[in-house]
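The structure appears below as structure tokens.
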Amino acid sequence: MRFVKGHGTENDFVVLPPGEVADLDAGLVRALCDRRAGVGADGVLRVVDRTVDIAAADGLEDAGPAGDVRWFMDYRNADGSVAEMCGNGIRVFARYLVTAGLARPGTLRISTRAGVKSVEVAPAGDVSVDMGPAERRPDAKVVVDGAAYDAVGWSMGNPHLVVTDADLDSLDLSVAPAVDPPAGYPHGVNVEFVTRVGPCHIRMRVHERGVGETRSCGTGACAAAVAVMAAAGERTSYDVDVPGGRLVVTWHDDGRVTLAGPAVLVATGEYPGDPRATAVSPSG
């Protein structure tokens, strides 16, 4: 099985080339993402050529006809669950398409389970994606180590709860934060904890559903920046520092949110045999 390893601000992914895997089941995803017995990653990006294998591209009801958008990003979390969208993942996905000669640098349109996204890819350097509009979701409380925090709900194609003005250095995110009331997010939610660094500049840590704490989360950075901007009554660009680096989030006057930052391919390889034969545990 051929694969490529990439990351966006150290939010890392196994990229599976077109036609490499016919059935991407949860066990295979967990095995590939295993950091001890697999390749190791926060998730898997399967590159689906919709002109060849439309049957593999489920969840495309709003993505337009196959002849309109060729590439579909089939994204799975490290635990094998399906996710609607991944901001860092789609930027790595687009960088792979250009590096592999499957697309030319410039504007790429990529189908996701959250609709079609437009991605700007230069021959080298940062990659920017139009994430579409941010949408409000129900607010809730999140509980970490017995402490309850008020959290603001936003969606970037997938659900987020954002805690502003948190003490990032004291948080233990090894266990998923509890959500109260849980009925507001029956399929789980990503939780971001944010603190201000300065004007238009925040720091963030995140617990991603189906993965755990990650070094970065693109949709989470967007949700966090939007939550802070909404509270301040502004729409502008924010630097978002995550443990894996820096992202730039812009909330435009028309409601669109763009995300920009590095998207790096670090290795290519071939997995001998079936990764599931040596899997130990999800994600590590």
Within segment 195-229, how many residues are part of a loop (DSSP other than H, G, I, E, B) and touching a Phe, Trp or Tyr at 6+ places or on another chain (Cβ under 7 Å)? 1
Somewhere in segment 122-136, is a residue open to solvent by 30 Å² or more (accessible area, probe 1.4 Å), in a strand (DSSP E or B) and touching a Lys or Arg at 6+ places or on another chain (Cβ under 7 Å)? yes
When (1) modelled with pLDDT of 95 or more; (2) more than 19 Å from the chain's Cα centre (by Cα); (3) among the polar types (S, T, N, Q) are applied to Ser170, the one that fails is (1)
Subset of segment 13-34, residues without any contact (Cβ under 8 Å) to a residue 40 or more places away in the chain and not small (Gly, Ala, Ser), comes to Val14, Leu16, Glu20, Val21, Asp23
Restricting to segment 152-178, name every residue that is open to solvent by 30 Å² or more (accessible area, probe 1.4 Å) and of a type outside the set (D, E, K, R). Val152, Gly157, Thr164, Ser170, Ser174, Val175, Ala176, Ala178
State the number of residues belonging to segment 77-120 that are without any contact (Cβ under 8 Å) to a residue 60 or more places away in the chain and surrounded by 19 or more Cβ atoms within 10 Å (Cβ to Cβ). 10
Scanning segment 137-166 residue by residue, the ones that are under 20 Å from Arg196 (Cβ atoms), acidic (Asp, Glu) and outside any strand (DSSP E or B) total 1
Which condition from (1) in contact with a Gly (Cβ under 7 Å, 6 or more places away or on another chain); (2) within 27 Å of Asp34 (Cβ to Cβ) is the one that Arg136 breaks? (2)
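The values are calculated or read from the model by the stated rules, or taken from the named source; none is laboratory data. Values in this document were obtained by computation on a predicted structure and should not be read as measured data. For neighbour counting, all protein chains shown are included, and Cβ atoms are generated from backbone atoms with ideal geometry for every residue, glycine included. Heads up: the accessible areas ignore ligands, DNA and RNA and are worked out on the full protein's heavy atoms, side chains in. Shrake-Rupley method; radii C 1.70, N 1.55, O 1.52, S 1.80 Å.
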